[in-house]
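**Q** Let me give you the structure first, and then I'll get to my questions.
The values are calculated or read from the model by the stated rules, or taken from the named source; none is laboratory data. Computed from a predicted structure; not experimentally measured. Quick reminder, even Gly has a Cβ in these numbers, built from the backbone with ideal geometry, and neighbours come from all protein chains shown.
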Amino acid sequence: MVDQPGDGEYPEHWEADVVLRDGGTAHLRPIHPSDAEAVQAFHTGQSQNSIYMRFFAFKARLSAKELKRFTEVDYKDRVAFVITIHGEIIGIGRYDRLPNPIEAEVAFNIADSHQGRGIGSILLEHLAAAAHENGIRKFTAEVLPENRKMLMVFSDAGYDVKRHFDDGVVSLEFNIDPTEKSRAVMESREHRAEARSVRELLAPSSVAVIGASRRWGTVGYQLLEHIIEGGFHGSVYAINPEALELAGMMSYGKLSEVPEPVQLAIIAVPYEEVAGVVAECAAAGVKGVVIASAGFADDGERGLLRQRALVRQARANGMRVIGPASLGIANTHPDVALNASMAPTMPLRGGLGLFSQSAAIGVSLYAASSRRRVGVSSLLSAGNRADVSGNDMMQYWEDDTDTSAVGLYLESIGNPRKFSRIARRLARTKPVIVAKSDTMGLRLPPGHAVRTTQAPAGALDAMLRQSGVIRVETVEQLVDVAQVVSGRPLPAGPDVAIFSNSEALGNVVADSAVAHGLGVAQVVSGLDLDAGQSVALPALRKALLDALGSDAVHAAVAALLPARGLTVDAVAQVLAECSASAGKPVVAAVTGILDPAINVEGLVGAEGCTVPCYSNPGAAVAALAAVVRYAEWAARDQGQFVEPAGCDPRQAEAELDELLREVTGAQLKQLDPAATASLLGHYGISVLPSRPFTAPDEAVAAADALGWPVVLKTTAPALRHRLDLGGVRLGIEDAESLRLNVQQMRRALAAYGDPALEVQAMAPVGQACTFRAIEDPLLGPVISFGLAGDAVNLLDDWSHRVPPLSAADVHDFIRAPRASRKLFGYQGLPAVDVAALEDLAGRLAWMKDNHPEIALVEFNPVLCGTAGVTILAADVRIGNAAQRTDSARRAMLG
């Protein structure tokens, strides 16, 4: 970090750690005059061909004048970025604004030894984001036709690139506003790079335990022991300067003495030694480190500073960091067999990927999955989550063929918009189960350096639901659901058949199913399981297969009491076989067994033929219902993210720039009615005009201009919608009535001071609704909808969503409030124009997603009639926006 280099203030917020195409990391930052020597070294290290490709001529060295021009920029009209590893520049990208102020020429130079790692694409993304911030909308470039690699950078970026060949040079130009295609390209590259980065950590060719100890019970001792006893297929090295032999193998005093490159280092040394060890790992070319040591962000502000410095050090040297305070990682694939964790034994192999943060939750999650016999593909405890996060793991699991479902317990979330984007994509193919505390986002757990939310209660949960994740409360509920989805077919609908050998129990389970939103297709409660195994099991099999063979049944619940002569395993085997035969899920609840030696929790049955089993029928039904809701979401057409017709974000952005010229610091500016109307108009949103007045004659003149009949109302926020308090008078049809109503209203409102008044044209009658949108420090844009009045004011009956919204999201958003039934015909009233409400919601969401400078929007009330909607009042406030955590550029967030 530096102070005011070049001609302008150093844009520190442009700095970023990035993941390269091959999974390595690097640091990207704006160039600085002090880089002159490093730029010269970069240039002289290039081949003659690379220099020719960049400058169209060979230059053995850059002149002092050239170095000055290249390194001294103003960060507005002239911007340059460098990408570094180990402090060495490996790539440079720059733009220079052209005479046309919305155009700039862009150029790149990538180190020969680092070409093919996606550096050019990353530089282009960050240059485009910086240019966009500075009002530039178009890039041009001149490239020699033989420079195919650079031509590919431009053509593969997702922009609409126009080419022109002239005088031996290919001239390119393209608009840099993000498009659906360019976003998809960036997300795809980000996905591949981050997935590969995690794959390098979970399947290393060699592991070193630094801080390995011969003292039983220490973290270093256990980590080394678990790796060895787990049967890891790669090389294992113990690093301890005070021991010659550890765990039956030779110990090394330091990492540099190891005879082969080490890919993954497990660090278990006192925290004051960690930075030095990480530096040794960087010098040795280690790809990633798992830091079990605590004492960083969990040690207050001082520790947080140490943690940030540690992550910067690792990323700048091409390494990923798991932890600090990590429980470790495990990969059960037989070709890897890595248990670099505090788990005493290798987890049971299966299809569930697990992610946790604090060690305590990690232990609980591992214990619950082991106790229930739920097999795991891989697990990772992120500890303080300083670097590798749940987002990284989801990127990896999306491509991992060993993983069929994933479970995450989140104590904090650093980048919710990115989480939502990745989870939505992953959940289309694999169930994503998320447990979180109700206070997540409202306060920070120890060691977690993230923002807190100011969004309305329920907004974070709404974001998870719209992402398609299966939301649960506890570790036990997470594993409850995992039992149903791990390697089993998803239900094709909500209707279940219930089987029981107790009529009372069958009825109780049927009631529970209805309460959880399931349909009960049939209840078979007369099963005779006391007739002996040879009779009872064939009868159970026939009854179950008959029911599952019906198209009206999508799943089955077997709620059973103990039966003479039948073991739980034998019954489970029949249930599992029927489920596999029918291709429909079956869950079992065996209750009333007192013998602790009999297992009725988890996947019960023979190996490879098990059924999800619970001791509590309510837990079985709740888990199945959660999976049904997920299956319905996964099977549904989510619609497209389409910009509503008639939107002009560029004009809105220009207007906001002008309005914000005099806004400083964190203050907000409330727009006047004219500015509000103009800004909203760029998104096809109109507000019914109103006019303030002081004298009755002014009121009459305003009514003549607006058109009769009119409404008279106060502009006082607490009274403007209150008919009962005299703040609104409707249907005034002539000048005499208006003058009289002005006098009467002023007398009625005298107790509230002397509130200002205004007149407005009468709107068509309709249901009063309200929309609200805010910019949240954690979630970014959040929009809310409810029916105006007591529903939102007293009952807090809002729905919330986080843009961008698909067509399906908008549909659900309007229907989510409990009072939304009033929109579809209620107590004899006609249904309103819901499509018009959806259109308004889509426009508001699109506007809020595009402009973080808009801090608050409130439409209240919005009257929705049988044909169209009318906004009666709009409050818009703007301010200087903080950097969102999920911008149109790839960057790692710590």
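**Q** Wholly within the stretch 67-180, which strands (runs of 3 or more DSSP E) include no fewer than the required count, namely at least 1 residues that are outside the structural domain of R312 (by TED's automatic domain parsing) and crowded, with 17+ Cβ neighbours inside 10 Å?
**A** Working: elements: 78-85, 88-97, 103-110, 138-143, 162-166, 169-175.
Counting at least 1 such residues, we get 78-85, 88-97, 103-110, 138-143, 169-175.
**Q** Inside the stretch 711-729, can you point out the residues that are outside any loop (DSSP other than H, G, I, E, B) and touching a helix residue (DSSP H, G or I) at 6+ places or on another chain (Cβ under 8 Å)?
**A** Within the stretch 711-729, L712, T714, R729 qualify.
**Q** Name the one entry in G323, G353 that is touching a Phe, Trp or Tyr at 6+ places or on another chain (Cβ under 7 Å) and either under 25 Å from F419 (Cβ atoms) or modelled with pLDDT of 95 or more (or both). Don't jump to the end; show me each part of the working.
**A** Values: G323 fails: touching a Phe, Trp or Tyr at 6+ places or on another chain (Cβ under 7 Å).
Step by step, each of G323, G353 is checked, and only G353 is touching a Phe, Trp or Tyr at 6+ places or on another chain (Cβ under 7 Å) and either under 25 Å from F419 (Cβ atoms) or modelled with pLDDT of 95 or more (or both).
**Q** Can I ask one more? Does A570 qualify as being of a type in the set (A, V, I, L, M), in contact (Cβ under 8 Å) with a residue 12 or more places away in the chain, closer than 22 Å to G351 by Cα and surrounded by fewer than 24 Cβ atoms within 10 Å (Cβ to Cβ)? Step through it out loud before you land on a result.
**A** Details: of a type in the set (A, V, I, L, M): yes; in contact (Cβ under 8 Å) with a residue 12 or more places away in the chain: yes; closer than 22 Å to G351 by Cα: no; surrounded by fewer than 24 Cβ atoms within 10 Å (Cβ to Cβ): yes.
Taking the combined requirement at face value, the residue does not satisfy it.
**Q** In the set G87, G118, which member is touching a Leu at 6+ places or on another chain (Cβ under 6 Å) and among the small types (G, A, S)?
**A** Details: G87 fails: touching a Leu at 6+ places or on another chain (Cβ under 6 Å).
The conditions single out G118.
Let's see how each residue does on (1) of a type in the set (D, E, K, R); (2) closer than 19 Å to N391 by Cβ; (3) in contact (Cβ under 8 Å) with a residue 24 or more places away in the chain; (4) not in a loop (DSSP other than H, G, I, E, B):
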| position | (1), (2), (3), (4) |
| --- | --- |
| I266 | no, no, yes, yes |
| V278 | no, no, yes, yes |
| G300 | no, no, no, yes |
| L304 | no, no, yes, yes |
| A340 | no, no, yes, yes |
| L354 | no, yes, yes, yes |
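**Q** What strands (runs of 3 or more DSSP E) completely inside the stretch 356-437 contain at least 3 residues that are over 19 Å from I291 (Cα atoms)?
**A** On the way: elements: 376-381, 405-410, 432-436.
Those strands (runs of 3 or more DSSP E) span 405-410, 432-436.
**Q** Do we find a residue being over 30 Å from I322 (Cβ atoms), modelled with pLDDT of 95 or more and part of a helix (DSSP H, G or I) anywhere in the stretch 18-31? Steps first, please.
**A** Of the residues in the stretch 18-31, the ones over 30 Å from I322 (Cβ atoms) are 31.
Restricting the remaining residues to those that are modelled with pLDDT of 95 or more gives 31.
Filter once more, so that each one left must be part of a helix (DSSP H, G or I): none.
Taking every residue of the stretch 18-31 in turn, none turns out to be over 30 Å from I322 (Cβ atoms), modelled with pLDDT of 95 or more and part of a helix (DSSP H, G or I).
**Q** Could you say which residue among V321, V269 is surrounded by 23 or more Cβ atoms within 10 Å (Cβ to Cβ) and aliphatic (A, V, I, L, M)? Outline the logic, then answer.
**A** Working: V269 fails: surrounded by 23 or more Cβ atoms within 10 Å (Cβ to Cβ).
Testing whether each residue is surrounded by 23 or more Cβ atoms within 10 Å (Cβ to Cβ) and aliphatic (A, V, I, L, M) leaves just V321.
**Q** May I pose another question? Quick one: E88 ticks every box in (1) within 22 Å of S50 (Cα to Cα); (2) in contact with a strand residue (DSSP E or B) (Cβ under 8 Å, 6 or more places away or on another chain); (3) modelled with pLDDT of 95 or more bar one, so which box is it?
**A** Single failed check for E88: (2).
**Q** For the stretch 702-733, enumerate the residues that are within 10 Å of V759 (Cα to Cα) and among the small types (G, A, S).
**A** Across the stretch 702-733, the qualifying residues are A702, A703.
**Q** For the stretch 563-634, please list each of the strands (runs of 3 or more DSSP E) lying entirely inside it that holds at least 1 residues being under 18 Å from S502 (Cβ atoms).
**A** Values: elements: 586-590, 602-606, 609-614.
Per the criteria, 586-590, 609-614.
**Q** Moving on to the next point. Quick test of your reading of the structure: V514 fulfils all but one of (1) in contact with a His (Cβ under 7 Å, 6 or more places away or on another chain); (2) modelled with pLDDT of 95 or more. Name the failing condition by number.
**A** Against the list (1) in contact with a His (Cβ under 7 Å, 6 or more places away or on another chain); (2) modelled with pLDDT of 95 or more, V514 comes up short only on (1).
**Q** Across the stretch 231-281, which residue is farthest from P324 (Cα to Cα) among those that are out of contact with any strand residue (DSSP E or B) (no Cβ under 9 Å at 6 or more places or on another chain) and aliphatic (A, V, I, L, M)?
**A** Among those residues, the one meeting the criterion is A279.
**Q** At pLDDT 95 or above, within 22 Å of A382 (Cα to Cα) and either buried (at least 21 other Cβ atoms within 10 Å of the Cβ) or of a type outside the set (F, W, Y) (or both): which single residue out of V450, V434, V484 fits that description? Talk me through it step by step, then tell me what you get.
**A** Details: V450 fails: at pLDDT 95 or above; V484 fails: within 22 Å of A382 (Cα to Cα).
Selected residue: V434, the only one of V450, V434, V484 that is at pLDDT 95 or above, within 22 Å of A382 (Cα to Cα) and either buried (at least 21 other Cβ atoms within 10 Å of the Cβ) or of a type outside the set (F, W, Y) (or both).
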